[in-house]
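First the structure, in the form of structure tokens, and then the observations on it.
The values are calculated or read from the model by the stated rules, or taken from the named source; none is laboratory data. Predicted model only: the values in this text are computed from it and were never measured. Backbone-built Cβ (ideal geometry, glycine too); neighbour counts: all protein chains shown.
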Amino acid sequence: MSWLNPTLGMARLQPKTSPTDLPEFIDPKHLAFDIDGVVADTMKVFVDLARERYGLRHLTKEHLTCYDLRRCVAAPPHVIDELICLTLDDEHTAKIPAMEGAADVLERLAQKGPLRFVTARVWPESIERWLHGLLPQIDPGSIIVIATGDPERKHAILHSMQVRHFVEDRLETCHLLARNGIQPILFDQPWNREPTPFPRVSTWYELAEILQLGRTPASTSAAIMHRSSEG
């Protein structure tokens, strides 16, 4: 997410390419994941802290309809900055819940090769520990985490890793990846619900359907196809 580095701007990017279709098979060795907003339900902690420490009792995750939280959270900028820092510190990172189904699907993927994550966090250590706690059955050496400190740097890192498909929640990053030849898979969140040309999934079980991992309700395929054609 862009607020992982609060100094970053929110410039909109227009893709030169508009990928709409996924290949019949996605090789796990060419796949990687964002963490916050995809594997980790980081904004739940942000909302909880806002409600508990700053009295924003009305706030829910559904109110977070934009990346620039100053535009959609009714609080002074310094309060939002403090909330972001608290959310990402070691203590609160350890308390972030995982997205439903994430551990199950990642454990199945780990049987096919190393799991690779690229995050815009500045420091990887706390979220790396979080992943190890989420996936205790997986050898820590098979969990690779790279922190870029800037979502605009992700595409270069992904190219160096020979990644062709990336699961991401930040729409601007999806556009940038598409412009640089990487197929984004958009993980649905309140802050990315505008029409897009990218395949969109709402759950990890829908992602498992795309990845042909089995044990996924048959109804998810129709939902994925419908959302990827919107806009």
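Looking at the stretch 124-162, which of the residues that are part of a helix (DSSP H, G or I) and aliphatic (A, V, I, L, M) is surrounded by the most Cβ atoms within 10 Å (Cβ to Cβ)? For the stretch 124-162, the residue satisfying everything is 127. Would you tally the residues in the stretch 108-123 being out of contact with any Lys or Arg (no Cβ under 7 Å at 6 or more places or on another chain) and either assigned to a helix (DSSP H, G or I) or over 19 Å from residue 42 (Cα atoms) (or both)? Qualifying residue count for the region: 7.
Taken over the stretch 24-49, the criterion of being of a type outside the set (D, E, K, R) and more than 21 Å from the chain's Cα centre (by Cα) is satisfied by 25 alone. Residue 126 falls short on exactly one of the conditions (1) hydroxyl-bearing (Ser, Thr, Tyr); (2) in contact with a helix residue (DSSP H, G or I) (Cβ under 6 Å, 6 or more places away or on another chain); (3) not assigned by TED's automatic domain parsing to the domain that holds residue 28, and that condition is (3). Looking only at residues in the stretch 173-203 that are β-branched (Val, Ile, Thr) and in contact with a Pro (Cβ under 7 Å, 6 or more places away or on another chain), the one that is nearest to residue 43 (Cα to Cα) is 173. Counting the residues of the stretch 185-213 that are free of Cβ contacts under 8 Å to residues at least 40 places away in the same chain, outside any loop (DSSP other than H, G, I, E, B) and under 18 Å from residue 35 (Cα atoms) gives 5.
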